[in-house]
Amino acid sequence: MSIIDRRSKTGTYAGIVGLILNIILVAIKLTVGLISGSVAIMADAINSLSDAGSSVLTLVGFHVSGKRPDSGHPYGHQRFEDISGLIIAVVMLIVGVQFVFESIGKIISPTDIDLSLISLIFLVVSFVIKLWQAIFLL
């Protein structure tokens, strides 16, 4: 197996695991955020959603970059991985700027947050999942 094949296979596996875990995290954080009314938790849910989108782009990027050279791309398709990384960065920047404005709005007009025990448990589970994911991707 060539280095490109091994790299593509590893990247695809990491993308699938990331996609599944981030979808679970979106569900948990969105539920807790809606129940508690916390903008920070909702922002974290959207961050996990963008992570899931990043996982999809990772899967597409590794699929395309793993293709063999052809007449239109005599040196291969590896640059597509860089392009997908750039797209992920731009999307995350846009989401981040939107949450800056939303946070400023909440600072100007604060609202109470109702954080129940079940919400706290879900957040701890979310933290453990994200910690495992970080260790897995090392």
About the Cα centre of the chain, how large is the charge dipole given +1 on each Lys and Arg Cβ and -1 on each Asp and Glu Cβ? Please answer in debye to the nearest 20. 480 debye
Under the definition of Cα pairs under 8 Å and six or more residues apart, what whole-number percent is the relative contact order of the chain? 30 percent
With Cα Rg over 2.2 N^0.38 Å as the read-out, I listed (i) 1.23; (ii) 1.29; (iii) 1.07; which label goes with the value calculated from this structure? (ii)
Any idea how far apart Ala27 and Lys106 come out in nm if each label point goes 7 Å out from Cα toward Cβ? 2.4 nm
What is the helix-to-structure angle for 79-108, meaning the angle in degrees between its Cα long axis and the longest Cα principal axis of the chain, kept from 0 to 90 and rounded to the nearest 10? 10 degrees
From zero outward in steps of 5 Å, how is the percent of C-alpha pairs of the range 49-103 spread across the bins? 5, 19, 22, 17, 13, 9, 7, 4, 2, 1, 0
Between Asp114 and Phe136, Cβ-based FRET efficiency (R0 25 Å, step 0.05) works out to 0.15
Computed over the range 65-138, the convex hull of the Cα set has an average projected area, in nm², of 8.2 nm²
Taking the Cα atoms only, what angle lies between the long axis of helix 117-137 and the longest principal axis of the chain, rounded to 10 degrees? 20 degrees
Subtract the Cα-Cα distance of Phe127 and Ile94 from 0.36 nm times their separation in residues, and report this length gain in nm to one decimal. 9.5 nm
Among Ile87, Val125, Ser103, whose Cα projects farthest towards the positive end of the dipole of the range 55-130, with charges put on the beta-carbon of Lys, Arg (+1) and Asp, Glu (-1)? Ile87
Qualifying chymotrypsin sites (Phe, Trp or Tyr not before Pro) in the range 25-108, DSSP loop, other Cβ atoms within 10 Å at most 14: Tyr75
Please check: in the Gaussian network model of the chain (C-alpha springs, under 10 Å), which one of Ile104, Ile20, Ile46 has the largest mean-square fluctuation. Ile104
To the nearest 10 degrees, how steeply does helix 3-36 sit against the main Cα axis of the chain, on a 0 to 90 scale? 10 degrees
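All of the numbers you see were taken from the coordinates with simple rules; none came from a lab. Worth saying up front: this structure is predicted, and the values here are computed from it rather than measured. Every residue, glycine as well, gets a Cβ built from its backbone with ideal geometry; the counts of neighbours run over all protein chains shown.
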